[in-house]
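The values are calculated or read from the model by the stated rules, or taken from the named source; none is laboratory data. No experiment lies behind these values; they were computed from the predicted model shown. Every residue, glycine among them, receives a Cβ derived from its backbone with ideal geometry; neighbour counts consider all protein chains shown. All accessible areas refer to the heavy atoms of the entire protein, side chains included, with ligands and DNA or RNA removed. Shrake-Rupley method; radii C 1.70, N 1.55, O 1.52, S 1.80 Å.
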Amino acid sequence: MVLTKCRTPLEWTELPDREPGPGEVRVKVAACGVCRTDLHVVDGELPDPHLPIIPGHEIVGRNDRLGPGVTGLALGERVGVPWLGHTCGVCPYCREHRENLCDQPRFTGYTRDGGFATAVIADARFAFPLGEAGTDAALAPLLCAGLIGWRALKLAGAGPRLGLYGFGAAAHITAQVARWQGRAVFAFTRPGDAGTQAFARRLGAAWAGGSDERPPEPLHAAILFAPDGGLVPLALKAVRKGGRVVCACIHMSDLPAMPYGLLWEERQLVSVANLTREDGLEFLRLAPQAEIVTTIKTYPLREANAALADLRAGRFNGAAVLLA
Ligand SMILES: [Zn+2]
Ligand SMILES: [Zn+2]
């Protein structure tokens, strides 16, 4: 499913089989999650997508061809391919073990072809072995919603009361991890979205309400998964002195002007960008221990545009997954 021009539908396109180059694998795709970032790519909200591009960066499939020099992966092995698709290994950030900030990165489904397809070529170093537990479709959302949520959760610190703004794919996984860690989760949805608030409570949220509401107790940290800059002052109001607000969005509408008093008393406002392989391996080890259960809505690959439209309109809880 190819995007040839931003703000136009993806097109079902027959392409010749591609061969993996040195250090690459070809993965036969079984399932690929649909992420809000895919919407940002399609909508032209991220700079310089490599058009034409096949979106999709929550890929679960099996290695079906190994390029020259690939070690540590086997043919037929189930792997997951995430958003971070390549790093240079030599820039200052890569050398400081902060490859999420690499100066020359490539991103799956944005600057290299992704998983809304029957096969994808991946840098073998960025294909995570997934083992055999769990279905392909249920695992797919872990590859971005789960991973970015995990990185955001680490940045949020260890405080016992955690707020999640925007209760979509990432929050529904992060809430389960936070509960497993023994934290209380406070879920903020669009005002009046009783269905999503009930969904959050079913996943163990101690409290769920509208983003315009104050939590019953001040929070130690809040993570923003909704790309709405207007939520920043609300989240700063909801955290206690010294609390931290983590923006986990790749794109956000402008932040409104706000009184400095909201940041005063050592409140912190930070963003989280991409992931490192270490985050990925750590999270994929932890996910089975935390017994994360993803809520998914599946679509045939050909219906990728319907999945994107449903995500845009908020027509389902949890995550959409395309089946190849
Ligand atoms: Zn680099
Ligand atoms: Zn994503």
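Ignoring everything but the protein chains, give the 1.4 Å probe accessible area of residue 86 in square angstrom, nearest 10.
60 Å²
Taking the radius of gyration and the Kirkwood hydrodynamic radius from Cα positions alone, what is the Rg/Rh ratio for region 173-243, to two decimal places?
Ratio of gyration radius to Kirkwood radius for region 173-243: 0.93.
Using the heavy atoms of the protein chains alone and a 1.4 angstrom probe, what is the accessible area of the chain per residue in square angstrom?
Numbers: 14110 Å² over 324 residues.
Ligands and nucleic acids excluded, the result is 44 Å² per residue.
Which sequence of 4, 108 reflects their accessible areas, 1.4 Å probe, from the largest down?
4, 108
So what's the net charge close to residue 303: Lys and Arg +1, Asp and Glu -1, counting the other residues with Cβ under 15 Å from its Cβ?
Surrounding charge for residue 303 is +1.
Of all the accessible heavy-atom surface of the chain, with the other protein chains kept in place and a 1.4 Å probe, what percent is carbon and sulfur? Numbers along the way, then the final one.
Numbers: 7410 of 14110 Å².
Carbon-and-sulfur percentage of accessible area, whole number: 53.
Just for the Cα atoms in the chain, what are the lengths along the principal axes, largest first, rounded to whole Å?
56, 41, 37 Å, listed from the longest principal axis down.
Mind checking which of 191, 209, 180 is farthest towards the positive end of region 179-223's charge dipole, using Cβ charges of +1 (Lys, Arg) and -1 (Asp, Glu) about the Cα centre?
Value computed over the given set: 180.
Using Cα centres only, tell me the gap between region 248-324 and region 51-71 in whole Å.
Using only Cα atoms, the two centres lie 22 Å from each other.
Only loop residues by DSSP count here, and only those with at most 11 other Cβ atoms within 10 Å; note down the chymotrypsin sites (Phe, Trp or Tyr not before Pro) in region 231-306 that meet that.
Hits after loop and neighbour filter: 264.
Going by average Cβ density within 10 Å per residue, which order do the peptides 288-299, 226-237 take, highest to lowest?
So the order, starting with the most tightly packed, is 226-237, 288-299.
Starting from the Cα of residue 43, step 7 Å along the direction of its Cβ; do the same at residue 264; then give the gap between the two resulting points in nm.
Here the modelled spin labels are 3.5 nm apart.
Just the accessible area for residue 254, please: 1.4 Å probe, Å², rounded to the nearest 10?
140 Å²
Would you please state the base-10 log of I(q)/I(0) at q = 0.25 1/Å for region 91-192, with intensities from the Debye formula using one equal scatterer on every alpha carbon?
-1.31
Does region 18-152 classify as rounded, prolate or oblate by the C-alpha gyration tensor (a ≥ b ≥ c root eigenvalues; a/c under 1.5 gives rounded; else a/b over b/c gives prolate, otherwise oblate)?
Rounded.
Using Cα springs under 10 Å in a Gaussian network model of the chain, which residue among 183, 18, 302 shows the largest mean-square fluctuation?
Of 183, 18, 302, the most mobile in the Gaussian network model is 18.
Which residue, 149, 129, 301, has the largest displacement toward the positive end of the dipole of the chain when charges sit on each Cβ (Lys, Arg +1; Asp, Glu -1)?
149
Any idea of residue 253's accessible area? Nearest 10 Å², probe 1.4 Å.
Its heavy atoms expose roughly 50 Å² to the probe.
Counting only Cα atoms, I'd like the Rg/Rh figure for region 253-324, Kirkwood definition for Rh.
Details: Rg = 18.5 Å, Rh = 16.4 Å.
Here Rg/Rh amounts to 1.13.
Go through 66, 50, 245 and say which Cα lies farthest out towards the positive end of the charge dipole of the chain; charges sit on Cβ, +1 for Lys and Arg, -1 for Asp and Glu.
About the Cα centre, the residue reaching furthest to the positive side is 245.
Could you give log10 I(q)/I(0) at q = 0.09, 0.14 Å⁻¹ for region 139-258, computed by the Debye formula over C-alpha point scatterers of equal weight, without solvent?
Debye output, listed in q order: -0.20, -0.49.
Express the relative contact order of region 15-153 as a whole percentage, based on alpha carbon pairs under 8 Å and six or more residues apart in sequence.
34 percent
Taking 0.36 nm per residue of sequence separation and subtracting the Cα-Cα distance, how much length would be gained by fully extending the chain between residue 201 and residue 310, in nm to one decimal? Could the numbers behind the result be given before it?
On the way: separation 109, 0.36 × 109 = 39.24 nm, distance 2.25 nm.
Between residue 201 and residue 310, full extension yields 37.0 nm more.
Based on the alpha carbon coordinates of region 245-292, what radius of gyration and maximum Cα-Cα distance (Dmax) apply, in Å?
15.9, 43
Expected output is a single nm value to one decimal: the length gained when fully extending between residue 15 and residue 118, i.e. 0.36 nm times separation in residues minus the C-alpha distance. What is it?
This chain segment gains 36.1 nm when fully extended.
Given the rule -39500 (n - 2.57) for each run of at least 4 DSSP H residues, summed and divided by the residues of the chain, what is its mean residue ellipticity at 222 nm, to the nearest 500 deg cm²/dmol?
-7000 deg cm²/dmol
Taking 8 Å as the Cα distance limit and 6 or more residues as the minimum spacing, I'd like the relative contact order of region 115-206 as a percentage.
23 percent
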